[in-house]
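K.L.:
The following block contains the structure, expressed as C-alpha coordinates.
The values are calculated or read from the model by the stated rules, or taken from the named source; none is laboratory data. Fair warning: this is a prediction, and the values are worked out from it, not measured in the lab. Cβ atoms come from the backbone with ideal geometry, glycine included; neighbour counts cover every protein chain shown.
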(Lines give C-alpha, C1' and ligand atoms only; values in the text may rest on other atoms or scores of the structure.)
Protein backbone atom coordinates (compact mmCIF):
# COMPACT_ATOMS: atom_id res chain seq x y z
CA UNK A 1 0.00 0.00 0.00
CA UNK A 2 1.31 3.47 -0.86
CA UNK A 3 1.93 5.23 2.46
CA UNK A 4 2.47 8.55 0.69
CA UNK A 5 -0.32 8.80 -1.88
CA UNK A 6 0.35 12.54 -2.21
CA UNK A 7 3.80 11.99 -3.74
CA UNK A 8 3.77 12.89 -7.42
CA UNK A 9 0.23 14.26 -7.24
CA UNK A 10 -0.58 17.04 -9.69
CA UNK A 11 -1.55 20.40 -8.16
CA UNK A 12 -2.99 23.24 -10.22
CA UNK A 13 -2.13 26.76 -9.03
CA UNK A 14 -4.46 29.51 -10.28
CA UNK A 15 -3.28 33.00 -9.29
CA UNK A 16 -2.84 36.23 -11.24
CA UNK A 17 0.22 37.22 -9.15
CA UNK A 18 3.31 35.84 -10.93
CA UNK A 19 5.46 36.01 -7.78
CA UNK A 20 2.92 34.02 -5.78
CA UNK A 21 2.65 31.43 -8.56
CA UNK A 22 6.42 30.97 -8.69
CA UNK A 23 6.65 30.65 -4.91
CA UNK A 24 3.89 28.06 -4.75
CA UNK A 25 5.28 26.06 -7.66
CA UNK A 26 8.72 25.93 -5.99
CA UNK A 27 7.23 24.79 -2.71
CA UNK A 28 5.10 22.12 -4.36
CA UNK A 29 7.99 20.76 -6.36
CA UNK A 30 10.20 20.64 -3.25
CA UNK A 31 7.51 18.48 -1.66
CA UNK A 32 7.65 16.03 -4.56
CA UNK A 33 4.45 17.25 -6.20
CA UNK A 34 3.86 18.10 -9.84
CA UNK A 35 2.82 21.74 -10.24
CA UNK A 36 0.79 23.28 -13.06
CA UNK A 37 0.32 27.06 -13.00
CA UNK A 38 -2.29 29.33 -14.60
CA UNK A 39 -2.51 33.12 -14.46
CA UNK A 40 -6.29 33.54 -14.27
CA UNK A 41 -9.71 31.96 -14.23
CA UNK A 42 -10.11 31.16 -17.92
CA UNK A 43 -6.59 29.75 -18.23
CA UNK A 44 -7.08 27.88 -14.97
CA UNK A 45 -10.23 26.13 -16.16
CA UNK A 46 -8.51 25.17 -19.41
CA UNK A 47 -5.60 23.75 -17.39
CA UNK A 48 -8.01 21.88 -15.15
CA UNK A 49 -9.60 20.19 -18.17
CA UNK A 50 -6.22 19.36 -19.72
CA UNK A 51 -4.13 18.42 -16.67
CA UNK A 52 -6.79 16.70 -14.49
CA UNK A 53 -5.14 17.79 -11.21
CA UNK A 54 -5.62 16.02 -7.90
CA UNK A 55 -5.83 19.36 -6.03
CA UNK A 56 -6.36 23.02 -6.90
CA UNK A 57 -4.86 26.09 -5.18
CA UNK A 58 -7.12 28.96 -6.23
CA UNK A 59 -6.79 32.71 -5.63
CA UNK A 60 -10.01 34.56 -4.81
CA UNK A 61 -9.33 38.01 -6.27
CA UNK A 62 -8.41 37.84 -9.95
CA UNK A 63 -9.24 39.96 -13.00
CA UNK A 64 -12.16 38.60 -15.01
CA UNK A 65 -13.53 35.54 -13.28
CA UNK A 66 -13.21 35.57 -9.51
CA UNK A 67 -11.98 32.53 -7.62
CA UNK A 68 -15.53 31.91 -6.43
CA UNK A 69 -16.76 31.69 -10.03
CA UNK A 70 -13.87 29.43 -11.01
CA UNK A 71 -14.55 27.13 -8.06
CA UNK A 72 -18.20 26.79 -9.07
CA UNK A 73 -17.15 26.00 -12.63
CA UNK A 74 -14.73 23.32 -11.41
CA UNK A 75 -17.43 21.70 -9.31
CA UNK A 76 -19.75 21.58 -12.33
CA UNK A 77 -17.16 19.85 -14.52
CA UNK A 78 -16.88 16.06 -14.99
CA UNK A 79 -14.62 14.81 -12.23
CA UNK A 80 -14.54 18.19 -10.54
CA UNK A 81 -16.88 17.46 -7.67
CA UNK A 82 -14.34 15.48 -5.64
CA UNK A 83 -11.11 17.40 -6.35
CA UNK A 84 -9.98 19.34 -3.24
CA UNK A 85 -10.03 23.10 -3.91
CA UNK A 86 -8.11 25.33 -1.50
CA UNK A 87 -8.96 29.00 -1.92
CA UNK A 88 -6.37 31.69 -1.14
CA UNK A 89 -6.95 35.34 -0.39
CA UNK A 90 -5.53 38.34 1.40
CA UNK A 91 -9.01 39.07 2.72
CA UNK A 92 -9.39 37.87 6.28
CA UNK A 93 -13.11 38.28 6.77
CA UNK A 94 -16.01 36.01 7.54
CA UNK A 95 -17.97 36.93 4.39
CA UNK A 96 -15.13 35.83 2.09
CA UNK A 97 -14.69 32.56 3.96
CA UNK A 98 -18.43 31.87 3.88
CA UNK A 99 -18.63 32.60 0.15
CA UNK A 100 -15.65 30.34 -0.52
CA UNK A 101 -17.33 27.37 1.14
CA UNK A 102 -20.65 28.14 -0.54
CA UNK A 103 -18.82 28.09 -3.88
CA UNK A 104 -17.60 24.57 -3.09
CA UNK A 105 -14.16 25.19 -1.58
CA UNK A 106 -12.68 22.34 0.42
CA UNK A 107 -10.48 24.63 2.51
CA UNK A 108 -9.52 28.30 2.85
CA UNK A 109 -6.18 29.96 3.61
CA UNK A 110 -5.16 33.61 3.93
CA UNK A 111 -2.04 35.22 2.47
CA UNK A 112 0.83 35.43 3.22
CA UNK A 113 1.01 31.65 3.16
CA UNK A 114 3.19 29.95 5.82
CA UNK A 115 4.50 27.12 3.67
CA UNK A 116 5.05 24.59 6.47
CA UNK A 117 1.40 24.81 7.55
CA UNK A 118 0.10 24.89 3.98
CA UNK A 119 2.28 21.92 3.01
CA UNK A 120 0.90 19.74 5.80
CA UNK A 121 -2.64 20.83 4.97
CA UNK A 122 -2.21 19.94 1.31
CA UNK A 123 -0.76 16.53 2.16
CA UNK A 124 -3.72 15.83 4.42
CA UNK A 125 -6.23 16.83 1.71
CA UNK A 126 -4.44 14.72 -0.91
CA UNK A 127 -4.41 11.68 1.39
CA UNK A 128 -8.11 12.17 2.18
CA UNK A 129 -8.97 12.48 -1.53
CA UNK A 130 -6.89 9.37 -2.29
CA UNK A 131 -8.71 7.42 0.42
CA UNK A 132 -12.07 8.55 -0.95
CA UNK A 133 -11.11 7.42 -4.47
CA UNK A 134 -9.98 4.05 -3.13
CA UNK A 135 -13.26 3.67 -1.25
CA UNK A 136 -15.31 4.53 -4.33
CA UNK A 137 -13.30 2.09 -6.43
CA UNK A 138 -13.77 -0.63 -3.80
CA UNK A 139 -17.52 0.01 -3.71
CA UNK A 140 -17.69 -0.20 -7.51
CA UNK A 141 -15.77 -3.50 -7.51
CA UNK A 142 -18.08 -4.89 -4.84
CA UNK A 143 -21.17 -3.78 -6.78
CA UNK A 144 -19.81 -5.43 -9.93
CA UNK A 145 -19.05 -8.68 -8.08
CA UNK A 146 -22.49 -8.69 -6.49
CA UNK A 147 -24.10 -8.08 -9.85
CA UNK A 148 -22.21 -10.96 -11.47
CA UNK A 149 -23.13 -13.26 -8.58
CA UNK A 150 -26.70 -11.96 -8.32
CA UNK A 151 -26.10 -10.99 -4.69
CA UNK A 152 -28.35 -8.22 -3.46
CA UNK A 153 -27.98 -6.38 -0.17
CA UNK A 154 -29.93 -4.08 2.07
CA UNK A 155 -29.13 -2.07 5.20
CA UNK A 156 -31.39 -1.03 8.04
CA UNK A 157 -30.03 1.51 10.52
CA UNK A 158 -31.14 1.73 14.13
CA UNK A 159 -32.89 5.01 13.31
CA UNK A 160 -35.03 3.20 10.74
CA UNK A 161 -33.33 4.52 7.59
CA UNK A 162 -33.15 1.92 4.82
CA UNK A 163 -30.95 1.37 1.76
CA UNK A 164 -31.11 -1.40 -0.81
CA UNK A 165 -28.68 -2.26 -3.59
CA UNK A 166 -29.53 -2.07 -7.28
CA UNK A 167 -29.06 -5.83 -7.59
CA UNK A 168 -31.65 -6.44 -4.86
CA UNK A 169 -34.30 -4.51 -6.77
CA UNK A 170 -33.43 -6.42 -9.92
CA UNK A 171 -33.85 -9.72 -8.06
CA UNK A 172 -37.23 -8.53 -6.81
CA UNK A 173 -38.21 -7.33 -10.29
CA UNK A 174 -38.64 -3.73 -9.14
CA UNK A 175 -37.85 -0.50 -10.96
CA UNK A 176 -36.20 2.16 -8.80
CA UNK A 177 -35.83 4.72 -11.61
CA UNK A 178 -38.91 6.70 -10.61
CA UNK A 179 -39.05 6.21 -6.85
CA UNK A 180 -36.56 4.71 -4.43
CA UNK A 181 -37.91 1.46 -2.94
CA UNK A 182 -38.27 1.43 0.84
CA UNK A 183 -38.32 -1.12 3.63
CA UNK A 184 -42.10 -1.29 3.15
CA UNK A 185 -41.51 -2.10 -0.54
CA UNK A 186 -39.23 -4.98 0.47
CA UNK A 187 -41.79 -6.23 2.98
CA UNK A 188 -44.50 -6.28 0.34
CA UNK A 189 -42.32 -8.53 -1.86
CA UNK A 190 -41.72 -11.19 0.80
CA UNK A 191 -44.07 -14.15 0.76
CA UNK A 192 -46.64 -13.66 3.55
CA UNK A 193 -45.89 -17.11 4.97
CA UNK A 194 -42.18 -16.23 5.31
CA UNK A 195 -42.41 -12.77 6.88
CA UNK A 196 -42.24 -14.13 10.42
CA UNK A 197 -39.17 -16.18 9.51
CA UNK A 198 -37.29 -13.12 8.30
CA UNK A 199 -38.44 -10.96 11.22
CA UNK A 200 -37.28 -13.60 13.71
CA UNK A 201 -33.88 -13.82 12.02
CA UNK A 202 -33.46 -10.03 12.16
CA UNK A 203 -34.58 -9.96 15.80
CA UNK A 204 -32.14 -12.74 16.73
CA UNK A 205 -29.24 -10.97 15.01
CA UNK A 206 -30.06 -7.65 16.69
CA UNK A 207 -30.41 -9.09 20.18
CA UNK A 208 -27.49 -11.53 20.07
CA UNK A 209 -25.15 -9.42 17.98
CA UNK A 210 -24.25 -12.57 16.03
CA UNK A 211 -24.75 -13.21 12.32
CA UNK A 212 -27.70 -15.35 11.35
CA UNK A 213 -29.28 -16.61 8.16
CA UNK A 214 -32.59 -17.74 6.79
CA UNK A 215 -34.27 -18.77 3.55
CA UNK A 216 -37.41 -17.03 2.43
CA UNK A 217 -39.50 -16.60 -0.68
CA UNK A 218 -40.24 -13.38 -2.53
CA UNK A 219 -43.01 -12.69 -5.01
CA UNK A 220 -42.11 -10.65 -8.07
CA UNK A 221 -44.59 -8.25 -9.72
CA UNK A 222 -45.32 -10.86 -12.42
CA UNK A 223 -46.36 -13.36 -9.73
CA UNK A 224 -43.23 -15.50 -10.02
CA UNK A 225 -41.72 -16.76 -6.76
CA UNK A 226 -38.02 -16.87 -5.99
CA UNK A 227 -36.27 -18.44 -3.01
CA UNK A 228 -33.61 -16.22 -1.44
CA UNK A 229 -30.87 -17.15 0.99
CA UNK A 230 -30.53 -14.23 3.39
CA UNK A 231 -27.44 -13.62 5.54
CA UNK A 232 -27.92 -11.04 8.29
CA UNK A 233 -25.27 -9.36 10.41
CA UNK A 234 -24.90 -6.31 12.62
CA UNK A 235 -22.47 -3.75 11.20
CA UNK A 236 -20.02 -2.12 13.60
CA UNK A 237 -21.04 1.37 14.68
CA UNK A 238 -18.83 4.15 13.27
CA UNK A 239 -16.38 5.73 15.71
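K.L.:
Residue 62: in contact with a strand residue (DSSP E or B) (Cβ under 7 Å, 6 or more places away or on another chain) and either without any contact (Cβ under 8 Å) to a residue 12 or more places away in the chain or surrounded by 18 or more Cβ atoms within 10 Å (Cβ to Cβ) (or both), yes or no? Show your work before the answer.
P.N.:
Working: in contact with a strand residue (DSSP E or B) (Cβ under 7 Å, 6 or more places away or on another chain): no; either without any contact (Cβ under 8 Å) to a residue 12 or more places away in the chain or surrounded by 18 or more Cβ atoms within 10 Å (Cβ to Cβ) (or both): yes.
Against the criterion (in contact with a strand residue (DSSP E or B) (Cβ under 7 Å, 6 or more places away or on another chain) and either without any contact (Cβ under 8 Å) to a residue 12 or more places away in the chain or surrounded by 18 or more Cβ atoms within 10 Å (Cβ to Cβ) (or both)), residue 62 does not qualify.
Let's see how each residue does on (1) assigned to a strand (DSSP E or B); (2) more than 18 Å from residue 108 (Cβ to Cβ):
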| site | (1), (2) |
| --- | --- |
| 43 | no, yes |
| 48 | no, yes |
| 57 | yes, no |
| 63 | no, yes |
| 74 | no, no |
| 86 | yes, no |
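K.L.:
If you don't mind, there's one more thing I want to ask. Restricting attention to helices (runs of 4 or more DSSP H) lying wholly within segment 125-239, give those where 1 or more residues are more than 30 Å from residue 9 (Cβ to Cβ) and either assigned by TED's automatic domain parsing to the domain that holds residue 53 or modelled with pLDDT under 80 (or both).
P.N.:
Values: elements: 166-172, 183-189, 195-208.
By residue number, 166-172, 183-189.
K.L.:
Is it true that residue 19 is in contact with a strand residue (DSSP E or B) (Cβ under 8 Å, 6 or more places away or on another chain), on the phi < 0 side of the Ramachandran plot and either modelled with pLDDT of 95 or more or part of a helix (DSSP H, G or I) (or both)?
P.N.:
No.
Residue-by-condition table, conditions (1) closer than 24 Å to residue 120 by Cβ; (2) more than 26 Å from the chain's Cα centre (by Cα); (3) in contact (Cβ under 8 Å) with a residue 24 or more places away in the chain:
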{"position": "8", "(1), (2), (3)": "yes, no, yes"}
{"position": "19", "(1), (2), (3)": "yes, yes, no"}
{"position": "35", "(1), (2), (3)": "yes, no, yes"}
{"position": "42", "(1), (2), (3)": "no, yes, no"}
{"position": "49", "(1), (2), (3)": "no, no, yes"}
{"position": "55", "(1), (2), (3)": "yes, no, yes"}
{"position": "58", "(1), (2), (3)": "yes, no, yes"}
{"position": "67", "(1), (2), (3)": "yes, no, yes"}
{"position": "79", "(1), (2), (3)": "no, no, yes"}
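K.L.:
Another question about this same structure. What's the total number of residues in segment 73-98 that are surrounded by fewer than 19 Cβ atoms within 10 Å (Cβ to Cβ), at pLDDT 90 or above and touching a helix residue (DSSP H, G or I) at 6+ places or on another chain (Cβ under 9 Å)?
P.N.:
Total meeting the criteria: 2.
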